[in-house]
Amino acid sequence: MIRYELPPSRSVDHTDIETVLGPDGRADPHLDPKLDSALVVKIYEAMLRTRVLDDRMLALQRQGRVSFHVGCKGEEAAIIASAAALRTEDWIFPCYRELGALLWRGFPLQRYVDNMYGNADDVVQGRQMPDHVTGKQWAYASVSSPIGTQIMHAVGFGWAAKLKRQKLATAVYFGDGATSTPDFHTGLNFAGVYKTPTIFLCRNNRWAISVPSDKQTASASFAAKGAAYGVRSVRVDGNDALATYRAVREAVERSHEGPTLLELVTYRLGGHSTSDDPKAYRLQEEVDLQSKGDPLTRLRRHLELLGAWNELQERRFVSQLDSEIKQCVEIAEKKPAPELRSMFDGVYAERPWHLDEQYELTKRGPRPGKE
Amino acid sequence: MPEMTMVQAINDALRISMRDDERVVLLGEDVGKVGGVFRVTAGLQDEFGAERVIDTPLAEGGIVGASIGMAMYGLRPVPEIQFADFIYPAFDQIVSEAAKYRYRSGGEFGIPMVIRTPFGGGIRGGHYHSQSPESLFIHVAGLKVVCPSNPYDAKGLLLSAIRDEDPVLFFEPKRVYRAAKMDVPEGDYAVPLSKAKVVREGAHVTVLAWGAMLYEAVAAAEEVAPKVDVEVIDLRTLWPVDIDTIVASVKKTGRVVVVHEAPRTCGFGAELVSLVCEKAFLHLEAPPVRVTGHDTPFPYTLENDYLPLAHRIVPALLETAAY
C-alpha cells in the first residue's frame, strides 16, 4: 500500500518551487495567503531586526567584544515567516541559526545579548558558546552544535503530545547538510510511521560550511526525500516570506494528519559563522547574484506597493533598534561572569559528591588571571 | 512473598511504574507485541495498550532521540536497547543530548529517562551480544549508571531510576535474567540509587563487583574462606558511586580487588582503583588489583577464558591477602 501522496501538479522529483511574491513585489493572486498587512509589516520588521542584529553582532565579534556569532543573513524569510505561521502552542526545535524565530516569539533582546556575552545573567550561565540559547517559556528548545540531533526530539515531543491528545505541532529547523545525517532519515521515518505532528523545515541555504548542496545529495531536491518515508513534502521559495508562511500554515493545519517536510530554498549570504571565510570556497559573483533575491528586498517591495512601508519608517526602525542594541550591549558588558559554582551545578538535578569535591578543590586552588 | 527471576522483577517494576504514573511509556524494538526478545516487557502492551508500550522502527538513535523529545514534553520514557552491543548508534543522542540537556539549557529542561539494556557475556552471544560498555557512559558528565545483580535490587533500583530526574543507563546482566530466583516483595518499594550493598562481610580483602560478576566474586570469596576473610561489595549504582561504603571497607581491610567483565584498559576498575588510592592510600597494605575482561573483542568459543570468573578471582584474592 502506497500511503504517500504527490499532488498531480507537482513533479515526482519535487523540483517545482512554490512562489507567491514575484520580482516586482506583487503577490500571485491565486497563492497569496492574504495576510493582514499589519502582520506582514510585523514579519518584515522582525526580518529587518534580525538582519540588523546579525550585522551588529558581527561587528562586535570583529572588535573582539564577543567571541563568536552565527548569523542568518539571507535566510530571514525562511526563519521568521515560518515561525510567524506557527501557533503559540507549537514548539520550535531549532538548529543554531534561528535566533530570529526566538525573537519573533518575544524573547527579550537583553536576554539574547547576555547569552552572547555568557555573563551571570545568561540563561545558560555561560555554559555554551554564544547563540546557543534556550527559551522554554517561548516553546523553544535548547540549541546544540551537533547537526541534526534536534530532529528526533521534535518527533518525540510531537509524538508525546499526540499520545496525550494535545493538539500541537513541532517545527524543527535544520540545514541542507543535516539531510545527510542519520537523524534526518530516522526522524522522517519515525514521523511517517507514527504520523507525528512534526513540520520538518529544511533551510536549503546551498552551503554546509564549504560543501555545496550538490555534494550533500544526488536527489533532484531535498523535498524529494520525504516521499520515501511517506511524508508529505513541498518545495518552497524560502526567500519569499508569503510563500513560506503559506506552506508552513498549511503544514500546521494538516499536522494532526501527520508530518510535512518543507524544503525552504534560500541562500546563505554570509559565512557559516564568524569563524568562516566563504571567499575560500565560493565566488563573489555567486553571492552578488543571490543577493538579488534578498528576502528583505522582496518583502519590502511588496509592502511598498501596498503602501504599508516606506524609507522613513525603515530608517526610524533601524535607528531605534540600534540604540536598543547599544544599550543592551553596554549593560551586558558590565555584568560579571557566572559564579564558579555554576560550572558544577546543573550537571544533575542534585550535585553529587564528586562534583562537590571538584568544586571545593577548584574554589580553593589557583584561579586563572584576568585576560 | 512471590519468587521472581530478574526478568519477572523488572517486568513487575515496569508494570507498577506504569500503573502509578501515566507519564511512563516504554518504547523499543520488539518491546510491544512480543514483549521483548527476553520477554522483559511481556504482557505490558496487553495491559497498557500500544500507545504506552510502543514497537518502534529499528533505529537506536531514533528510539533514544524520540525518548528525549518525549521527556521534554513531560513523559517518563523507558526506552529499551535490545542489547547493549547495539547502543552505539544512540551514543550521540545519549552523550551530546540527553546527558547535556539540563546543563546546557541552564536547567530549563531535564531529561528524566531510563535506558534499559541487557548487557554482559556468558550466554554464548559472541562479540555482538556480550559486551559491557558501562564505563563509556560513566565517563560522560550528566549520566547515571545502574547495574543490579539480583531480582530484588533490579525491581527496587528500576523503580527509583524511573522516578529520578536525570537520564539513567540501566544495565541488566542478562546472564542473571533467569538464572536466579528470589523472594521479591509485591508492590512498590525503592532501592535507592548511589547506595552500594555489602553482600558479604569480611576483614582481609575488599572485592568490588556488580552484575553477573558479583556471583563469581562471592563464589571466589567462599572458596578462599578458610584462609582469607573476604568482604564483597555489590556497587548496584556504578555512577555516582557510593564512595563512602567503598572507602570505609578498604580502610578496614587494607586490600582491594575490582572485578568486571569489561575490558581492562580504562574500565571502571581503573577509576575505582584511583579513588581508593586517593582516599585510602595510607590504609592500603597491598597494591589494588583488577580482575577483568581482556582488551580484546568479546570472543565466542573462549568466552569463559575472557570472563573474570571465580577461577581467576581466587588467585587474585590469595595473592593480595599474602602481599
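The values are calculated or read from the model by the stated rules, or taken from the named source; none is laboratory data. Quantities reported herein were computed from a predicted structural model and do not represent experimental measurements. Please note: Cβ atoms are built from the backbone with ideal geometry, for glycine as well, and neighbour counts cover all protein chains shown.
Among (1) within 14 Å of chain A (Cβ to nearest Cβ); (2) surrounded by fewer than 20 Cβ atoms within 10 Å (Cβ to Cβ); (3) of a type in the set (A, V, I, L, M, F, W, C); (4) touching a strand residue (DSSP E or B) at 6+ places or on another chain (Cβ under 9 Å), which single condition is B:ILE68 missing?
(2)
Being on the phi > 0 side of the Ramachandran plot and part of a loop (DSSP other than H, G, I, E, B): is that true of A:GLY71 here?
no
In the list A:ALA101, A:ALA77, A:ALA83, which residue meets the criterion of being in contact with a strand residue (DSSP E or B) (Cβ under 6 Å, 6 or more places away or on another chain), part of a helix (DSSP H, G or I) and closer than 21 Å to A:LEU262 by Cβ? Let's see the steps before the verdict.
On the way: A:ALA77 fails: in contact with a strand residue (DSSP E or B) (Cβ under 6 Å, 6 or more places away or on another chain); A:ALA83 fails: in contact with a strand residue (DSSP E or B) (Cβ under 6 Å, 6 or more places away or on another chain).
Exactly one of A:ALA101, A:ALA77, A:ALA83 is in contact with a strand residue (DSSP E or B) (Cβ under 6 Å, 6 or more places away or on another chain), part of a helix (DSSP H, G or I) and closer than 21 Å to A:LEU262 by Cβ, namely A:ALA101.
Can you pull out the residues in the stretch B:34-65 that are of a type in the set (D, E, K, R) and either more than 19 Å from B:ASN11 (Cβ to Cβ) or at the interface with another protein chain (Cβ under 8 Å from one of its Cβ atoms) (or both)?
Going through the stretch B:34-65, the residues of a type in the set (D, E, K, R) turn out to be B:39, B:46-47, B:51-52, B:55, B:60.
Those that are of a type in the set (D, E, K, R) and either more than 19 Å from B:ASN11 (Cβ to Cβ) or at the interface with another protein chain (Cβ under 8 Å from one of its Cβ atoms) (or both): B:GLU51, B:ARG52, B:GLU60.
In the stretch A:135-161, what residues are crowded, with 22+ Cβ neighbours inside 10 Å, over 21 Å from A:PHE107 (Cα atoms) and out of contact with any strand residue (DSSP E or B) (no Cβ under 7 Å at 6 or more places or on another chain)?
Within the stretch A:135-161, A:THR149, A:MET152, A:GLY156, A:TRP159, A:ALA160, A:ALA161 meet the criteria.
Within the stretch A:132-152, track down each residue that is in a helix (DSSP H, G or I), β-branched (Val, Ile, Thr) and more than 7 Å from chain B (Cβ to nearest Cβ). Working first, answer last.
Taking the stretch A:132-152 as the starting set, the residues that turn out to be in a helix (DSSP H, G or I) are A:136-138, A:149-152.
Those still in the list that are β-branched (Val, Ile, Thr) too: A:149, A:151.
The answer is A:ILE151, and nothing else.
Restricting attention to the stretch A:162-188, and to residues there that are buried (at least 24 other Cβ atoms within 10 Å of the Cβ) and β-branched (Val, Ile, Thr), which single residue is nearest to the other protein chains (Cβ to nearest Cβ)?
Top of the filtered list is A:THR186.
Quick test of your reading of the structure: A:VAL143 fulfils all but one of (1) more than 19 Å from B:ALA71 (Cβ to Cβ); (2) in contact with a His (Cβ under 9 Å, 6 or more places away or on another chain). Name the failing condition by number.
(1)
Please give the number of the condition B:VAL7 fails out of (1) touching a residue at least 24 places away in the same chain (Cβ under 8 Å); (2) in a loop (DSSP other than H, G, I, E, B); (3) more than 9 Å from chain A (Cβ to nearest Cβ).
(2)
Take the residues of the stretch A:44-68 that are assigned to a loop (DSSP other than H, G, I, E, B) and among the small types (Gly, Ala, Ser): which is farthest from the chain's Cα centre (by Cα)?
Initial filter on the stretch A:44-68 (assigned to a loop (DSSP other than H, G, I, E, B)): A:63-68.
Among the residues that remain, those that are also among the small types (Gly, Ala, Ser) are: A:64, A:67.
Details: A:GLY64: 25, A:SER67: 21 Å.
Per the stated criteria, the residue is A:GLY64.
Which ones in the stretch A:189-210 are more than 10 Å from chain B (Cβ to nearest Cβ) and at negative phi? Steps first, answer last, please.
Pass one, the stretch A:189-210, residues more than 10 Å from chain B (Cβ to nearest Cβ): A:195, A:197, A:199-210.
Correct list: A:PRO197, A:ILE199, A:PHE200, A:LEU201, A:CYS202, A:ARG203, A:ASN204, A:ASN205, A:TRP207, A:ALA208, A:SER210.
Please find, within the stretch A:56-84, the residue that is farthest from A:ILE43 (Cα to Cα) out of those that are among the small types (Gly, Ala, Ser) and surrounded by fewer than 24 Cβ atoms within 10 Å (Cβ to Cβ).
Among residues in the stretch A:56-84 that are among the small types (Gly, Ala, Ser) and surrounded by fewer than 24 Cβ atoms within 10 Å (Cβ to Cβ), the one farthest from A:ILE43 (Cα to Cα) is A:GLY64.
Given the condition closer than 23 Å to B:GLY293 by Cα, away from every other protein chain (no Cβ under 14 Å) and either at pLDDT 95 or above or out of contact with any helix residue (DSSP H, G or I) (no Cβ under 6 Å at 6 or more places or on another chain) (or both), answer yes or no: does some residue in the stretch B:149-166 qualify? Even if it seems obvious, please write down each step before you answer.
Our first condition is that a residue be closer than 23 Å to B:GLY293 by Cα; within the stretch B:149-166, this holds for B:149-150.
If we keep only those that are away from every other protein chain (no Cβ under 14 Å) as well, we get B:149-150.
From the residues that got through so far, the ones that are either at pLDDT 95 or above or out of contact with any helix residue (DSSP H, G or I) (no Cβ under 6 Å at 6 or more places or on another chain) (or both) too are B:149-150.
Yes - at least one qualifying residue is present in the stretch B:149-166.
Please verify whether A:ASP214 is modelled with pLDDT under 95 and not in a loop (DSSP other than H, G, I, E, B), treating the condition exactly as stated.
Details: modelled with pLDDT under 95: yes; not in a loop (DSSP other than H, G, I, E, B): yes.
Criteria met by A:ASP214.
Please list, ordered by residue number, the helices (runs of 4 or more DSSP H) wholly in the stretch A:303-371 having 3 or more residues that are away from every other protein chain (no Cβ under 14 Å) and not small (Gly, Ala, Ser).
Hits in the stretch A:303-371: A:311-334, A:353-364.
Residues are listed down the side, and each one gets a yes or a no for (1) free of Cβ contacts under 8 Å to residues at least 12 places away in the same chain; (2) out of contact with any Leu (no Cβ under 6 Å at 6 or more places or on another chain); (3) of a type in the set (S, T, N, Q); (4) loosely packed, with under 14 Cβ neighbours inside 10 Å:
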| site | (1), (2), (3), (4) |
| --- | --- |
| A:GLU257 | no, yes, no, yes |
| A:LEU262 | no, no, no, no |
| A:LEU289 | yes, yes, no, yes |
| A:THR297 | yes, yes, yes, no |
| A:HIS302 | no, no, no, no |
| A:GLU314 | no, yes, no, no |
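Which residues, taken from the stretch B:204-242, are in contact with a Ser or Thr (Cβ under 9 Å, 6 or more places away or on another chain), without any contact (Cβ under 8 Å) to a residue 40 or more places away in the chain and either hydrophobic (A, V, I, L, M, F, W, C) or in a helix (DSSP H, G or I) (or both)? Before the answer, list the steps.
Residues of the stretch B:204-242 in contact with a Ser or Thr (Cβ under 9 Å, 6 or more places away or on another chain): B:204-206, B:208-215, B:228-242.
From what's left, without any contact (Cβ under 8 Å) to a residue 40 or more places away in the chain: B:229, B:231-233.
Scanning the stretch B:204-242 gives B:VAL232, B:ILE233.
Here's a check for you: in the stretch B:79-95, which residue that is part of a helix (DSSP H, G or I) and charged (D, E, K, R) is nearest to the other protein chains (Cβ to nearest Cβ)?
Ranking the qualifying residues of the stretch B:79-95, first place goes to B:ASP92.
Over 28 Å from A:LYS34 (Cβ atoms) and within 10 Å of chain B (Cβ to nearest Cβ): does that describe A:GLN125? Give the steps one after another, and end with the answer.
Details: over 28 Å from A:LYS34 (Cβ atoms): yes; within 10 Å of chain B (Cβ to nearest Cβ): yes.
Yes: the conditions hold for A:GLN125.
Could you check B:ARG76 against (1) farther than 20 Å from B:LEU44 by Cβ; (2) more than 9 Å from chain A (Cβ to nearest Cβ); (3) among the basic types (Lys, Arg) and say which number it fails?
For B:ARG76, the exception is condition (1).
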